[in-house]
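Chemist: I have a structure here, written as structure tokens, and I will follow up with some questions on it.
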Amino acid sequence: MTPALLLAVPAELLAQGRDGLWVALLFIVAPLFALLAAAGSRATVPEAGRRSLPLVVMLLVVGVIVWANLSLAGDVATWMGWPRWRGIVPAAVAAMGLVLWPGASRHWPWLVPPGLIALVLPVAAIVYFSNSNPIATWSEVASQPAFRFPADSPWVGEGRRVGHRSGSLALLFEEEHRVTPVDPGPLRVEVHDHGRVQVQEWTLAPGQSVTLRPGDRLQLDGPRRLKFEADKRVPGAPVSGIAWADSSRSMRPRVLRFLGLGVTLLGGAVALVGFAGPTGTALTRVWPTVLVLLWVLASAECWAIYAARWAPELFLGGVAAASLLELPTFVLKSQPVGPQLVGFTLAGLFALFLAASVALRKQLAAAEGQVGESVTSDGGLWGGVFAVTALAALWPVEPWSLMLSALGLGASCLAPLVLLGPRTARPRATTWALGVGFVLFLGVTAAGRLWPPASPLAEALVAYPALVAAPVAAILLRVAARPARA
């Protein structure tokens with residue numbers, strides 16, 4: 001349970017409404033499927049260890065997961081008004097110190113219960129102090145005709161940053177809206193006038209405003225501090241509460257994306273858990289896991305519902321996982337306990353990141369013992385992993401995208417090996433099959449960056465390359481199982 005994944009669930013639920021339930025469902029199913037698959041894992045045949053490619057892929061998967069969580073730490077620091085490095089460096093140093101501590105493998109599980117409690121406690125406080133249960137709150141959200149800026153919103157009063165990371169951003173306005181830049185600088189607007197599109201640019205002094213009409217797009221080249229009008233629609237939010245609660249988009253593209261998401265999350269979980277070898281999973285281990293996952297999922301659902309009700313501004317510029325941490329201060333504006341609950345949440349996420357780092361090292365060490373390459377015994381390897389990922393995290397990248405890339409890579413290369421097993425009669429065939437999955441995953445990912453997809457199918461394949469790479473690798477492994485000709 002890494003923080004990047006835990007915060008992605010409420011963020012997807014808030015951003016996608018009903019469609020986000022698929023992420024929530026897979027959040028429960030994927031670990032259970034991985035535990036059951038690992039119980040009968042076929043990836044422990046000694047001949048599999050004669051090739052180093054599986055271990056290299058496992059190391060890449062672990063490294064990208066660490067990168068995703070350090071990137072989230074940088075986002076949290078930015079949300080708090082600090083430079084990114086002030087969140088990344090302490091998290092990386094603490095995790096590296098714990099990972100390299102000889103006793104970490106015995107004591108890391110003790111970090112999980114307090115981390116989960118600290119993560120769930122703010123939700124319980126929000127439900128209690130708001131005097132509204134989750135079902136009633138969901139009904140309130142679904143009955144809203146529009147998501148509007150409250151009069152006491154920080155984006156209405158002193159102004160807040162819009163855009164949580166570098167890169168361009170376009171805000172579409174659906175009604176007349178006065179926007180006031182707090183920081184000096186040019187303001188570029190794409191104006192639609194009688195079918196013609198014009199780009200107008202103004203340089204406004206602090207305090208000056210510009211009035212945007214319905215259909216105008218405000219173009220931002222990076223994060224910008226802006227003030228909005230009270231009781232106006234939030235740009236980027238769903239058109240209404242019922243549109244958020246009951247999405248009516250086309251079913252065909254959604255099915256492709258859900259399939260890709262399922263292959264990525266299920267296959268990635270199998271790769272992380274099963275590649276280290278059989279776990280001997282028993283029902284006594286599965287049921288506590290189910291209860292914990294349901295507990296965390298219920299908290300994520302409440303987090304998204306109360307955010308839609310009390311903090312519609314979080315839709316502005318796209319839902320950012322780090323911004324969800326501020327929810328207690330939005331809901332409990334009249335209570336001094338709000339900032340304290342934010343601190344509890346941060347402490348819980350930090351504890352879970354430390355525990356996840358040690359767990360990832362343990363899995364890689366088990367895989368190293370299986371594969372027969374002595375790499376994880378060297379502390380320099382993990383020092384390098386944290387140094388490289390911390391440096392990469394200084395550049396803002398969406399943590400959820402990194403998590404999908406890591407899990408997709410594992411699903412493309414390692415999951416087929418876990419489920420089908422290596423081919424002892426043709427050891428080279430195993431390496432070739434995994435290599436093809438690796439190249440396909442990287443190739444589809446690169447193609448999506450170079451040539452924007454033009455169809456729903458292409459969009460789904462680019463978003464989830466494992467949808468192509470994993471079946472091909474599995475087919476090659478199955479073909480390699482056939483007896484070689486004399």
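Chemist: For segment 404-418, what are the residues that are under 16 Å from ARG257 (Cα atoms) and among the polar types (S, T, N, Q)?
Modeler: SER405
Chemist: Going through ALA276, ALA245 one at a time, which residue ends up being modelled with pLDDT under 85 and within 28 Å of VAL29 (Cβ to Cβ)?
Modeler: Just one listed residue meets the conditions, ALA276.
Chemist: Something else: Listed residues ALA366, ALA359, ALA307; which is in a helix (DSSP H, G or I) and either surrounded by 23 or more Cβ atoms within 10 Å (Cβ to Cβ) or at pLDDT 95 or above (or both)?
Modeler: ALA307
Chemist: OK, next. Does ARG51 count as buried (at least 19 other Cβ atoms within 10 Å of the Cβ), more than 22 Å from the chain's Cα centre (by Cα) and at pLDDT below 90?
Modeler: yes
Chemist: Please find, among VAL56, VAL89, VAL62, VAL29, the residue that is at pLDDT 85 or above, surrounded by 20 or more Cβ atoms within 10 Å (Cβ to Cβ) and not basic (Lys, Arg).
Modeler: The unique qualifying residue is VAL62.
Quick grid of which residues meet (1) outside the structural domain of GLY317 (by TED's automatic domain parsing); (2) of a type in the set (Lys, Arg); (3) in contact with a Lys or Arg (Cβ under 6 Å, 6 or more places away or on another chain):
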{"residue": "GLU175", "(1), (2), (3)": "yes, no, yes"}
{"residue": "GLY185", "(1), (2), (3)": "yes, no, no"}
{"residue": "ASP193", "(1), (2), (3)": "yes, no, no"}
{"residue": "LEU204", "(1), (2), (3)": "yes, no, no"}
{"residue": "SER209", "(1), (2), (3)": "yes, no, yes"}
{"residue": "ARG217", "(1), (2), (3)": "yes, yes, no"}
{"residue": "ASP221", "(1), (2), (3)": "yes, no, no"}
{"residue": "GLU229", "(1), (2), (3)": "yes, no, yes"}
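Chemist: Let me ask something else. Determine the pairs where a residue that is closer than 8 Å to PRO181 by Cβ, located within segment 224-235, has a partner that is hydrophobic (A, V, I, L, M, F, W, C) and in a strand (DSSP E or B) with Cβ atoms under 7 Å apart, the partner being 6 or more residues away or on another chain.
Modeler: Cβ pairs passing all conditions: ARG224/VAL162; LEU226/VAL162; LEU226/VAL179.
Chemist: Look at segment 248-263 and say how many of its residues are over 30 Å from ALA474 (Cα atoms) and modelled with pLDDT of 65 or more.
Modeler: 0
Chemist: Hydrophobic (A, V, I, L, M, F, W, C) and at pLDDT below 85: does that describe LEU13?
Modeler: no
Chemist: If PRO453 meets every condition in (1) of a type outside the set (Val, Ile, Thr); (2) assigned to a loop (DSSP other than H, G, I, E, B); (3) buried (at least 24 other Cβ atoms within 10 Å of the Cβ) apart from one, which number is that one?
Modeler: (3)
Here is a yes/no grid of residues against (1) touching a strand residue (DSSP E or B) at 6+ places or on another chain (Cβ under 8 Å); (2) in contact (Cβ under 8 Å) with a residue 12 or more places away in the chain; (3) not aliphatic (A, V, I, L, M):
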| position | (1), (2), (3) |
| --- | --- |
| ILE88 | no, yes, no |
| ALA104 | no, yes, no |
| ILE135 | no, no, no |
| PHE147 | yes, yes, yes |
| VAL156 | yes, yes, no |
| ARG160 | yes, yes, yes |
| PHE173 | yes, yes, yes |
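Chemist: Let me ask another. Return a yes/no flag: does segment 133-143 have any residue that is of a type in the set (A, V, I, L, M, F, W, C), part of a loop (DSSP other than H, G, I, E, B) and surrounded by fewer than 17 Cβ atoms within 10 Å (Cβ to Cβ).
Modeler: The answer is no; no qualifying residue exists.
Chemist: So how many residues does segment 73-106 have that are under 13 Å from SER357 (Cβ atoms) and in a helix (DSSP H, G or I)?
Modeler: 13
The values are calculated or read from the model by the stated rules, or taken from the named source; none is laboratory data. Predicted model only: the values in this text are computed from it and were never measured. Positions of Cβ are generated from backbone atoms using ideal geometry, with glycine treated the same way; all protein chains shown enter the neighbour counts.
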